[in-house]
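Working notes, beginning with the structure itself.
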Amino acid sequence: MSVTSSETRQRSWWRSNQQRLTPWLFLTPGMIMFALYVVWPIFESFRISFYDWDGLGEAQWLGWANYQELFNDRAFKTSLKNNVIWLVLYMLAVPMGLGIAIFLNQTVRGIRIYKSLFFFPFVISQVVVGLMFSWFYAPNFGLLYKLTEFLTGKGIAVLADPDLVTYGIIAAGLWPQIAYCMILYLTGLNNVAPDQIEAARLDGAKGFKMLWYVILPQLRPATFIAVVVTVIGALRSFDLVSIMTNGGPFGSSRVLSYYMYEQALSEYGYRMGYGAAIAVILFLIMMVFISGFIWKMVRDERGVN
Amino acid sequence: MLHLKKSAPLALGIALLAGTSAMAQQRTLNYYADFDPIPLAAFEALIADFEAANPDIDVVLQNFDHEGYKTAIRNFLTTDAPDLANWYAGNRMAPFVNSGQFMDVSDVWADNGLDESLGSAIASMTIDGKQWGVPYTYYQWGIYFNKTAYEQVGAEVPTTYDEFVANCELFAAADIDCLTTGTSALWPGAGIFDYLNLRTNGYEYHMALTSGDVAWTDDGVRETFAQWARIQPYITENHAAIDWQDAATLLVQGRAANYVMGIFAVGVFKDGGMTDETLGFMPFPTINPDVARAEEAPTDTIHIPAGATNVEDAKTFLAFVAQADVQTKLNEALGQLPINSGSTVGSDPFITAGFELLSTTPGGIAQFFDRDAPAEMAKLGMEGFQEFMVIPDNLDDILGRLEQARERIYQ
């Protein structure tokens, strides 16, 4: 008797709390992974950034010395400046993606093929994009070098020029990023209400006014996502820099993520603590944007409810 | 960056082959290495000989991508140490020695009389009075040149730096790069700096500079850069975006005349179609006749990680690699020079030239800038060299920065 009564009591406890517990049960595996692979490393990076450590031997407490050094480090300033250039120029992907999306949003024979071709650069790996552009820019045999040599008599080797190199890499990065924004806008354009367009047309709106006051407001969700992925893409730009220049010439094309890798993990990098300090700065910069995005999302959600 | 274990299937194949040859109880010896194709073949032959001599040992070679290995080694030494691992002599091994990741192998040296036979390399293998690995090859650096280009402009092969600079004007008139290099991976530029510095200030100065005892703003360093400035306008433009192999192509095509390189580049030149008739080798010309001639000859080495499980057999392997006849055969296949004084060198003109050059060096033999200097200084230094070759006017700025780094790194 007592056994069954305790069973019923248990079952009833489960029954009464089921609704509340189930989401947590489903969330637990993800939360454990998130804590282990995201949250804990963040705190670990903060901790390591206060040490002088080569990744092998004993770590030595330094306090804020790594950060003090960062602020006098010219390589760090170059990386930070390049990150800002990346952030600003990468944003071009959003309007350019919109332009191509509007251009492709028509019903012509074989439009699907054109759309796929425009989307193609996003599908291929960043490493391949980087290699293709390094050949494009390559001194002596690259297409761009040959072209500028033909036109001006003197070839331009973009990746050897400390002033041009970052722009050259960003151009390579924009190619797939524009395709990504384009696809976001194409799906967004499918959802634009045709009756509103018709109504606007009856009111005499066309051209840019139509785009600005009727189409764009309806594309706001797509714009939001496009901006988010572009900002994050710009801040974590690493693969293209690594493939195309290794941060060179003499560190002119470094960005924070690459400088972090260089200091902590690369061939000559044995400064885990310093690398971690760079990672912390990069994290704080990203946090500004990410908090902004989350704040906007929460606000929108509340607005809807 | 990329941790490609390119030859894992190959290593497996070797393991299977070895497995069939001896059915008796075998002990496994795990060996991690970073060989390019030619050295890989040479080492496969060496391992086959070793297994024939020691049928109870089975060497499993895991070959890594050459550049990826340099970052992978730190992971595997601490997590999954093999019994043997490739690395380099000089200061380059210091981080692993100081953190206790490499095993002291002084007993292998003492038991096999290596202090005698490998005497030329003992200094670069010694830290804290102990030896930390066994060297198996070294190779000379110098200037490789295109004989056809020299004939075309009517230049004589120079012996002094003044003649070299004078030749550069002849080459420039014919639209040929006097000196080519490809510094996208930075280290080729360090070869030029090292030689200018060795010829201007000598071996002792090079060692003092790389061990942090001389300021980068010192007059000696400035003199080296002043000599460098004389040839700077004649160095291949855009070298900062060129790989060393692509610069080798320029020499092969006759668009460049001279290239400061190691002997390992000869294979690339010959693959490109050059022969002993068109490819020449000369020692770096004399700058200051009062400075004893010193050369650059980096040494490649094998070490036992502290986490090795089969230490006994690893030491047997090191002793085997140190033998005179083994080094003779190995280096013949590598196209490089053996360390063991009892070894003989092949008849290839570039190898005999290198052997001649190094065995008669009065000044001393340096490893290389990035092996003599600590890792961080090496990286900053090589970036500075690259910047100087692109924007020579930045010299004061570069030296000031390097001096600042020196004060921090060697404290």
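Computed quantities for the displayed model
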item	result
Rg/Rg_ref, the protein assembly as shown, where Rg_ref = 2.2 N^0.38 Å and atoms are Cα	1.14
Probe 1.4 Å - accessible area at residue B:377, Å² to nearest ten	0 Å²
Scattering curve values for segment B:209-337, log₁₀ I(q)/I(0), Debye with Cα scatterers, q = 0.17 Å⁻¹	-1.13
Cα long-axis angle, helix B:375-390 against chain B (0 to 90 degrees, to the nearest 10)	30 degrees
Cα convex hull volume per residue for segment B:259-393 (Å³)	179 Å³
For chain A: relative contact order, % (alpha-carbon pairs under 8 angstrom, 6 or more apart)	26 percent
From phi via Karplus (6.51, -1.76, 1.60), per-residue ³J(HN,Hα) for segment B:357-373 in Hz, x at Gly/Pro	4, 6, 6, 9, 6, x, x, x, 10, 8, 6, 4, 3, 7, 9, 7, 8
Diffusion coefficient, µm² s⁻¹, Stokes-Einstein with Kirkwood Rh over alpha-carbon pairs of chain B at 4 °C and 1.567 mPa s	58 µm²/s
Carbon + sulfur, % of accessible area of segment A:73-304 - ligands and nucleic acids excluded, 1.4 Å	69 percent
In nm, spacing of pseudo-spin labels at residue B:162 and residue B:409 (7 Å Cα→C-beta vector)	3.5 nm
Shape category assigned to segment A:22-127 from the gyration tensor of Cα positions, a/c cut at 1.5	oblate
Förster radius 45 Å - calculated FRET efficiency between residue B:245 and residue A:228, Cβ distance, rounded to 0.05	0.65
Spin-label zone in segment B:96-118 - amide nitrogen under 17 Å from a point set 7 Å from the Cα of residue B:312 along the C-beta vector	B:108
Cα-Cα P(r), chain A, percent of pairs per 10 Å interval	5, 18, 24, 22, 16, 9, 4, 1, 0, 0
Share of carbon and sulfur in the accessible heavy-atom surface of chain B [1.4 Å probe, %]	51 percent
Using θ = phi - 60° and Karplus 6.51 cos²θ - 1.76 cosθ + 1.60, couplings along segment B:317-328 (whole Hz; Gly, Pro as x)	5, 4, 4, 5, 5, 7, 4, 4, 5, 5, 5, 4
Interface area, A with B, accessible, probe 1.4 Å, both sides summed, Å² nearest 100	2700 Å²
Accessible surface, segment A:253-305, averaged per residue in Å² (probe 1.4 Å)	47 Å²
For residue B:28, distant residues with modelled amide H under 5 Å away	B:58
DSSP bridge pairs, the protein assembly as shown: antiparallel proportion in percent, nearest 5	60 percent
Calculated P(r) tail over 22 Å for segment A:169-283, as whole % of Cα pairs	53 percent
Computed [θ] at 222 nm, helices only, for the protein assembly as shown once each DSSP H run of length n ≥ 4 contributes -39500 (n - 2.57)	-18000 deg cm²/dmol
Karplus-derived 3J(HN,Hα), 6.51/-1.76/1.60, for each residue of segment A:214-230, Hz, glycine and proline x	10, 6, 4, x, 6, 8, 3, x, 5, 4, 4, 4, 4, 5, 4, 5, 6
Residues in segment B:362-383 that, when all protein chains are in place, have 10 Å² or more less accessible area than the chain alone would give (probe 1.4 Å)	B:370, B:375, B:376, B:379, B:382, B:383
Exposure of residue B:221 as accessible area (Å², to 10), given a probe of 1.4 Å and all protein chains	0 Å²
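The values are calculated or read from the model by the stated rules, or taken from the named source; none is laboratory data. Bear in mind the structure is a predicted one, so any value in this text is a computation, not a measurement. FYI the Cβ positions are ideal-geometry reconstructions off the backbone, even for glycines, and counts take in every protein chain you see. The area values use the complete protein model at the heavy-atom level, side chains included, leaving out ligands, DNA and RNA. Shrake-Rupley method; radii C 1.70, N 1.55, O 1.52, S 1.80 Å.
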